[in-house]
1. Which one of A:464, A:502 is at pLDDT below 85, within 14 Å of chain B (Cβ to nearest Cβ) and assigned to a helix (DSSP H, G or I)?
2. For the stretch B:79-91, does any single residue satisfy the condition of being within 14 Å of chain A (Cβ to nearest Cβ) and either more than 23 Å from residue B:266 (Cβ to Cβ) or among the hydrophobic types (A, V, I, L, M, F, W, C) (or both)?
3. How many residues are without any contact (Cβ under 8 Å) to a residue 12 or more places away in the chain and surrounded by 12 or more Cβ atoms within 10 Å (Cβ to Cβ) if we restrict to the stretch B:310-319?
4. Tell me which residues, restricted to the stretch A:161-188, are surrounded by fewer than 14 Cβ atoms within 10 Å (Cβ to Cβ) and modelled with pLDDT of 75 or more.
5. Cβ contacts < 8 Å: first residue under 14 Å from residue A:123 (Cα atoms), restricted to the stretch A:143-158; second residue small (Gly, Ala, Ser), any location; separation 6+ or different chain. Result?
6. Is it true that some residue in the stretch A:263-278 is in a helix (DSSP H, G or I) and among the hydrophobic types (A, V, I, L, M, F, W, C)?
7. On the given criteria, is residue B:167 more than 29 Å from residue B:56 (Cβ to Cβ), within 14 Å of the chain's Cα centre (by Cα) and not acidic (Asp, Glu)?
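The values are calculated or read from the model by the stated rules, or taken from the named source; none is laboratory data. This structure is a prediction, so every number in the text was calculated from the model and none was measured. Virtual Cβ from ideal backbone geometry, glycine too; neighbours counted across all protein chains shown.
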Amino acid sequence: MLVWLGVLIAAMTAVLAGGTLAGQASWAPKLALDLEGGTQMILAPKVEGGSGITEEQLNQAVAIIRQRVDGSGVAEAEISTQSGRNVVVSLPGTPAKETRALIQASADMNFRPVLQAGAGAAVPEASRTPEAQLPKPTAAPANSSDQNWITPEIYKQFEALDCDNPSQDKQQRSDPTKPLVTCEPASANSPAIKYILGPVEVKGSNIKSSSFQLQRGAQGAVTNEWAVNIQFDDAGTAKFKEVTERLYQFYAAGGGQTGSDPRAQFAIVLDDQVISAPRSLAVITDGRPQITGGFTEESAKALSDQLRFGALPISFEIQSEQQISATLGGEQLRMGMLAGLIGLLLVVVYSLFQYRALGFVTVASLVIAGVLTFLAIAILGWTENYRLSLAGVAGLIVAIGQTADSFIVYFERIRDELREGRGLVSAVENGWKRAKRTILASKAVNLLAAVVLFFVAVGNVRGFAFTLGLTAIADLIVVFMFTHPTLQLLARTKFFGEGHRFSGLDPKRLGAVPLYRGAGRIRTPEDKPVAVVRAKNTGAAAEAERRMTIAERRLAEKQEQAQQAQLAGSSKSASKEGK
Amino acid sequence: MVNFSTFGNELYTGKRSYDFVGYKKIWFLVAGIAVALSILIPIAKGGFNLGIEFRGGSEFTVSNVKTTDAALGEKAVTEVVAGSVPRVANVAGTTMRIQTDKLTDDETLQIKEGLTKAYGVTDNEVTSTFVGPTWGADVTKQALLGLAIFVGLAAVLMALYFRTWKMSLSALVGMIVTMFITAGVYGLSDFEVTPSAIIGFLTVLSYSLYDTVVVFDKIRENTSDIQASTRRTFAEEVNLAINQTLVRSINTMVVAILPVGAILFIGAGLLGAGTLRDLSLALFVGILVGTAATIFIAAPLYAWLRQGEPELVKQAKRVDQRRAEAAAKTASPATPATA
């Protein structure tokens, strides 16, 4: 058992060491915001129209917020959902006002015609179009596809834009009535592209639904091409028809399939970034366009999801926002650790006082439980991104007491067995058999509490429940794989086996009466007279105890008392075996 | 005091025995009064001192302040938002806490700046929090839901493990008493009820049940073949089990309460109001009350629930009969009983 425990710890250490060497894990557990400092926002998504939010929409919301936060240049942001209703955004430091506004805003999806497209890289300063040759609008733009939208400023912006290394300072929402210069980020099978887009023509809210499927060929046979289908509502259908009529002309004029007029494309824009810019191959009159070309099942699903999300704008209400200065966080951690250490020290002193040398087993067990918990938290921090919060630290500190309880239950059972007059080796075995049941039953209650709280509760409560559950498991491992095997070994040593005064298992101190007393005399259960002591009368109890040995004549009297008092009086062998 | 192991020894053999079961009416009465007070005091005081998470509003915490003058904080707030009534408190050492009604972003930033200047600290030492009034309620709702599920499952678990629903019921009653009294202490002490306090509260309930399971397991062991025994009545066996586990109960309580006490006093003394302190008060009270409730309420209640069972009434009669016979035997001038 001890060997297995060693193997377990070594394995966990090796895993963590491997992770650390690979540069992904770290020896220190990851800290949550309340200890590290930073901002945590808890957002409640609100669907326009007031209907409830589905899990799918919530996941989309997280994806959207993640994109926005990453786009705003904040590193190491963490976004997660909470109990299927809230979105938690954790950012280091204090976010700019614009970032906050951006996070809160509802998703902004719309369709804009493409005016000009180009390779993603910025045009080098030297080869940029000279001032004089910049395109100048000759008239007011007639429609959204009109090249007259391109002013010298817009064009300069377009040339300078670097989509390969997008700058992340853009935090303002674009004006839907004005042209937009933006990027389509690089994807697996296409490089980044930059665009000048015309004003918004169809809004995302005009999308009724979207889906994806394998494309059907002319004969209705399923091909290997994935396609995304959009269905517009009535207003969207009318508008989209108008747009495609115009765009199809560019397509036809540009030579159909082989043409390269970017104005045949319309861009699907989400939060001012192009997610797709298909060409209009036909005039869509029924409001059911199909987008095809180079999709994998995954990318088709992603686009379809994004479109659907655009169809259902979700905005976010900040439910709670907490900005914790790094000073306060660090202080909290220090104090938490200090409190934990003091608590631990007190526990050590108390268990040495109570259990003498046996107390060292408690301390060693606590240390091992601590090591296991630490390793588990560090590994989970790496693999599951678990972060230790202040509530988690509190959970750990509280766990010291509950972990030590397993040992107390066990030791008390051993002492009970010694009181029965057993030798230490068999007392350890018998005590363990009984203690095991109790420990398992009580830890089951603890684990149940931890699991239920973890899955049902929100926020801080989860971090707390997590460490509580984790330590309960660590405790079980330790008591089974360390404490018990250690005691089995110790029971065979002279110091413990013979019940040294400081071993904490001295049969004499425990008042044990050996079952076998030599000379063929075996103690019978009621060998000794029954003495009953009334509660709250310890003085009299001590006196009664002293007198008892010399006053056996009073036995009858005392036994009468026993009946009247209706108390649990018994002999030295009050145990299951005695009955 | 006698040596603790001797004490444990005497409790184990029954030489020293505290009559927990016999005086159950007194304990129940005391518990009843305590629970009634726990309900009445918060009502009389006009409810709990709810934390900002439940009221909603903005909160600033300033660490390492140069002076702890509350007027500075008030001024910093009223300069930005005229007519507001901020609650400024020196929560610990050099930490100030300023609570206001809900502020806009601009106001928050301005006040933060004002506080930084007023207390002569750097920007890093001012923490601001905004909480919507629904947030705390949300946390509590989920916590209560968790609690209900946990209690239900724990009751089933215990009923299955102990094979009697009466143990489940007794354990739950003990837990409910603990719950009320712990809440009552919050009402009395004016500690803020925050989500952290709720966490502590939930832990107390799990601890309370945990503690009860340990004691009940000993009761189960002692009473498993009660029918075949005429040594003690059921109630006496229960009482003996409580006494036999008394040293464990005390040791566990002490060991559990030491780290919690460390948090409570360090949390309260050095760090001021915060997660740690809120959590630890609930735990501190709850562990004390929970341990006591197991001994004084749950176990005696279990004995009381069971002792009316016909089988156990018969068994109690057999015990009386056996004792009467033994008494008759020893009444005659014979040798000491070896029955």
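1. Details: A:502 fails: assigned to a helix (DSSP H, G or I).
From the options A:464, A:502, the qualifying one is A:464.
2. Let us first name the residues in the stretch B:79-91 that are within 14 Å of chain A (Cβ to nearest Cβ), namely B:91.
If we keep only those that are either more than 23 Å from residue B:266 (Cβ to Cβ) or among the hydrophobic types (A, V, I, L, M, F, W, C) (or both) too, we end up with B:91.
Yes, some residue in the stretch B:79-91 is within 14 Å of chain A (Cβ to nearest Cβ) and either more than 23 Å from residue B:266 (Cβ to Cβ) or among the hydrophobic types (A, V, I, L, M, F, W, C) (or both).
3. Looking only at the stretch B:310-319, we keep the residues that are without any contact (Cβ under 8 Å) to a residue 12 or more places away in the chain, and these are B:310, B:313-314, B:317.
After this cut, where a residue has to be surrounded by 12 or more Cβ atoms within 10 Å (Cβ to Cβ) as well, the list is B:313, B:317.
Summing the residues that are without any contact (Cβ under 8 Å) to a residue 12 or more places away in the chain and surrounded by 12 or more Cβ atoms within 10 Å (Cβ to Cβ) in the stretch B:310-319 gives 2.
4. Matches in the stretch A:161-188: A:175, A:177, A:178.
5. Listed pairs, sorted by first residue: A:158/A:118.
6. The first filter runs over the stretch A:263-278 and keeps only residues in a helix (DSSP H, G or I), leaving A:263-264.
Among the residues that remain, those that are also among the hydrophobic types (A, V, I, L, M, F, W, C) are: A:264.
Taking every residue of the stretch A:263-278 in turn, at least one turns out to be in a helix (DSSP H, G or I) and among the hydrophobic types (A, V, I, L, M, F, W, C).
7. Working: more than 29 Å from residue B:56 (Cβ to Cβ): yes; within 14 Å of the chain's Cα centre (by Cα): no; not acidic (Asp, Glu): yes.
So residue B:167 does not fit the description; no.
Results for (1) more than 8 Å from chain A (Cβ to nearest Cβ); (2) not aromatic (Phe, Trp, Tyr), shown as yes or no for each residue.
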position: B:189; (1), (2): yes, yes
position: B:194; (1), (2): yes, yes
position: B:199; (1), (2): no, yes
position: B:202; (1), (2): no, yes
position: B:210; (1), (2): no, no
position: B:219; (1), (2): yes, yes
position: B:227; (1), (2): yes, yes
position: B:241; (1), (2): yes, yes
